[in-house]
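Engineer: I am attaching a structure below and will ask some questions about it afterwards.
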Amino acid sequence: MSKLMRFAAAAAFSLVSLTGLDAAPAVNQPAPGFTATTAKGETLSLEDLAGKTVILEWTNHLCPFVGKHYGSGNMQALQQEMTEKDIVWLQVISSAPGKQGYVEGPEAIVLNKGRSARPSGTLLDPAGTLGRAYAALVTPQMYIIDPQGSLLYTGGIDSIPSANPADIPSATNYVREAMTAIEAGKPVPNPVTRAYGCTVKYAPSS
C-alpha cells in the first residue's frame, strides 16, 4: 500500500471515529441494506432495487463542492447519462434538522426542479442512519452497487479535489470510469478513491 493510500485510510478511520460512523463498507462485498423515506414520502429499500445497478450520491445543496458539480451541469449530465441506461440514481441527504443542507421533501423536489437535476429519487436521512451505515463523510460522496447488491465503488465523483468548476474537464470522472468497466464486465479500475467535499452535517451520535 502506498504512503498516500495509508494516509487516506488513516484519515478516513479518524473521521469515522470522530463522527460515530460505522466502519466503511468494503468493495466487492454486500452493500449495507437500508430502508428510507423518499422526498415524495414513499418508502424505498435497497431490497426493492434488487436486479438494478444503484448509484448513491450524498449531497448538500449549500456545499460549494456540490455547487461545483451542479452549477456547471456536470452532475445533472451524469445523472441523465446513467438513468437513461436504467440505472437507479439516488441522492441521499443526511443533514440533520437545523444543520446546513437540511431540507424536507417538498423543498428537495423544488431544488432539483430548479437546477434540472435528474436523479431517480431523493432519500431523506435526517437521523443519519443511512449515512452512518455507509460511513459517508462528505458531500458529494458516491457509491455504486451492482444488481446482485455488491458494492463495487466508493469515493469521490472525480480526481481533482477542488470547488472550481474549471477543473472538471481535466479530472477523471470516477463514476463514469467505474460504470464503463462494469458495463464491459471488467473490474473497476479505481474501486476506492478519496471523496472530497463538505463534511456531512450529522445529528450528534447518541
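Engineer: Beyond 24 Å, what percent of the Cα pairs of region 53-151 remain?
Structural biologist: Of all Cα-Cα distances in region 53-151, 16 percent exceed 24 Å.
Engineer: If you average the sequence gap of Cα pairs under 8 Å that are 6 or more apart and divide by the length of the chain, what percent do you get for the contact order?
Structural biologist: 28 percent
Engineer: Rank these for me by crowding, D158, D22, going from fewest to most other beta carbons within 10 Å.
Structural biologist: By the 10 Å Cβ count, ascending, the order reads D22, D158.
Engineer: Any chance you could check the Cα centroid distance between region 162-203 and region 73-113 for me, in angstrom?
Structural biologist: Using only Cα atoms, the two centres lie 16 Å from each other.
Engineer: Under unit Cβ charges (Lys, Arg +1; Asp, Glu -1), what dipole magnitude, rounded to 20 debye, does region 3-199 have relative to its Cα centre?
Structural biologist: Result for region 3-199 is approximately 480 debye, rounded to the nearest 20.
Engineer: At 0.36 nm per residue, minus the direct Cα-Cα distance, what do I109 and T43 gain on full extension? Give it in nm, one decimal, please.
Structural biologist: Working it through step by step, the gained length comes to 22.2 nm.
Engineer: May I pose another question? Quick one: which residues, 5 or more positions from S159 or on another chain, have an amide H under 5 Å from its amide H? H modelled 1.01 Å from N in the peptide plane, none for Pro or chain starts.
Structural biologist: Residues meeting the amide H criterion: T172, Y174.
Engineer: Per residue of region 28-41, what does 6.51 cos²θ - 1.76 cosθ + 1.60 with θ = phi - 60° give for ³J(HN,Hα)? Whole Hz please, x for Gly and Pro, Karplus curve as stated.
Structural biologist: 6, 10, x, 5, x, x, 7, 9, 9, 9, 7, 4, 8, x
Engineer: Listing Y153, Y102, Y202 from the residue with the fewest other Cβ atoms within 10 Å to the one with the most, what is the order?
Structural biologist: The most exposed by this proxy come first: Y102, Y202, Y153.
Engineer: Separate question: Which shape class, rounded, prolate or oblate, goes with region 28-70 when its Cα gyration tensor gives a ≥ b ≥ c as root eigenvalues, a/c under 1.5 marks rounded, and past that a/b bigger than b/c marks prolate?
Structural biologist: oblate
Engineer: Looking only at Cα atoms, what is the convex hull volume of the chain per residue, in Å³?
Structural biologist: Looking at the chain, the number lands at 116 Å³ per residue.
Engineer: So how do V138, V110 line up by other beta-carbon neighbours within 10 Å, fewest first?
Structural biologist: Ranked by crowding around the Cβ, least crowded first: V110, V138.
Every number here is computed from the coordinates shown, using simple stated rules; none is lab data. The structure displayed is predicted, hence computed values, not measured ones. Methodologically, a virtual Cβ is constructed for each residue, glycine included, from the backbone with ideal geometry; neighbour enumeration extends over all protein chains shown.
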